[in-house]
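Student: Sending over a structure as structure tokens; questions will come in a sec.
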Amino acid sequence: MTIGQSVMRNRPPSAAAVAARALAVIAFLFGPGGGAPAAADKAPPPGEAAAAPAGAARSRGPVTNLPLPRFVSMKASRGNVRRGPSLKHRIDWVFTRRGMPLEVTAEFGNWRRVRDQEGAGGWMHYALLSGVRTVLVTRDLAALHQTPSEDAPVTAYLEAGVIANLGACRPRWCRVTVDGSRGWILKAHVWGVYPDEIRD
């Protein structure tokens, strides 16, 4: 059984988008409602969080007191991503996949700075986000096993881009549910969970 799902991404990064992100930093530092983030709140470059050593210390958000960085998911089916933490800031991206995992890297009032698996992002209103955990399958035809072992029977194969609900996690494996199928998948084959993260 193979479970597939198309990947929805708006406005793939271009030279103009890269320039816009550089301007976004300036807009956030000097624009309306802006303010320089603390050093601990600076967003890591794409892939850095996934490569962080086990047990790496994380800071706490000044608004929620929750860990930074941390993973959340899209509550809405559409969410505007702005250059800064206010409605006055320009919309740079529009995320259009309900349930998509996002990484929160900073907080400012009712706004959260988020990024997706490819590093695109900005500031979103907290009402568009959910604490429900999901993961994005990053490997094509990733195997879903009955138990957390590569020798265990395979219940399904997941195509790259599939979003699955996250359950328990062990050092190398996580239990996920998608389209009625449930099983264990290697952490290395998904984005939306930290390598050192353990969940009951």
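Just so you know, all these numbers are worked out from the coordinates, no wet-lab data involved. Every value quoted in this text rests on a predicted model; they were computed, and no experiment measured them. Using ideal geometry, Cβ is built from the backbone for each residue, glycine included, and neighbour counts are taken over all protein chains shown.
Student: With the dipole of region 67-132 worked out from charges on the C-beta (+1 for Lys and Arg, -1 for Asp and Glu) around the Cα centre, which of THR96, PRO69, GLN117 lies farthest toward the positive end?
Tutor: It is THR96, whose Cα lies furthest towards the positive end.
Student: Also: Is the shape of region 67-132 rounded, prolate or oblate, going by the alpha carbon gyration tensor and its root eigenvalues a ≥ b ≥ c, with a/c under 1.5 for rounded and a/b larger than b/c for prolate?
Tutor: Judged from the Cα gyration tensor, region 67-132 comes out rounded (a/c under 1.5).
Student: With a ≥ b ≥ c the root eigenvalues of the C-alpha gyration tensor of region 135-191, is it rounded (a/c under 1.5), prolate (a/b larger than b/c) or oblate?
Tutor: rounded
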